[in-house]
Amino acid sequence: MFKMFGIPNCDTIKKAKKWLDSNNIEYIFHDYKKLGANAEVLEQAISATSVDVVVNKRGTTYRKLSEADQQQLSQESANVAAVIDLLCQHPSMIKRPILMKQDSNDNSAYIVGFSAENYQVFVNGA
């Protein structure tokens, strides 16, 4: 089972959805704007990748944060609980999309961002 997390009007989300649809891959979409960010998924995605991979530091939401909040989001000093709290408060700062693949044993794998090549590898067994 696949589940995509993001914001529906994001261009990268649209590209990822189009790729999944064109490859006949079923997925569930979790809209951060309507359903909020999922702290457990964020924790697992950060654990599988890193804070720097999951946090979008190029957007306006990040730039509007206080210097103290920006410092909390730096990889070197990251307190994962504080990072997750900030991301739940500001889901626009989460890099998109996060795609979760869950097997029949409830084991999960995550990929953040979109590239057709990386999705091909991830979907087919990574």
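What follows is calculated from the coordinates using simple rules that are stated; it is not laboratory data. Because the structure is a prediction, the values reported are computed rather than measured. Using ideal geometry, Cβ is built from the backbone for each residue, glycine included, and neighbour counts are taken over all protein chains shown.
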With +1 at each Lys and Arg Cβ and -1 at each Asp and Glu Cβ, the charge dipole magnitude of the stretch 2-123 around its Cα centre, to the nearest 20 debye, comes out at 580
A chain fully extended from GLN70 to PHE122 at 0.36 nm per residue, minus the present Cα-Cα distance, gains in nm 15.7 nm
Placing one equal point scatterer on each C-alpha of the chain and summing with Debye, one gets log10 I(q)/I(0) at q = 0.12, 0.15, 0.18 Å⁻¹ equal to -0.43, -0.67, -0.94
Here the stretch 52-63 yields Karplus 3J(HN,Hα) values (6.51, -1.76, 1.60; θ = phi - 60°; whole Hz; Gly and Pro given as x) of 4, 6, 7, 8, 8, 9, 9, x, 5, 4, 5, 5
The ³J(HN,Hα) series, computed from each phi in the stretch 101-114 with the Karplus coefficients 6.51, -1.76 and 1.60 at θ = phi - 60°, rounded to the nearest Hz and given as x for glycine or proline, is 10, 10, 8, 5, 9, 6, 7, 10, 10, 10, 9, 10, x, 9
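Taking R0 as 41 Å, what's the FRET efficiency between LYS15 and GLN89 from their Cβ-Cβ distance, rounded to 0.05?
Values: r = 27 Å, r/R0 = 0.65.
Taking R0 as 41 Å, the efficiency between LYS15 and GLN89 is 0.95.
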A correct fewest-to-most ranking of LYS64, LYS14, LYS34, LYS95 by other Cβ atoms within 10 Å would be LYS34, LYS64, LYS14, LYS95
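Report the gain in length on full extension from SER47 to ASN23: 0.36 nm times residue separation, minus Cα-Cα distance, nm rounded to one decimal. Mind showing how you got there, number by number?
Details: separation 24, 0.36 × 24 = 8.64 nm, distance 2.80 nm.
Between SER47 and ASN23, full extension yields 5.8 nm more.
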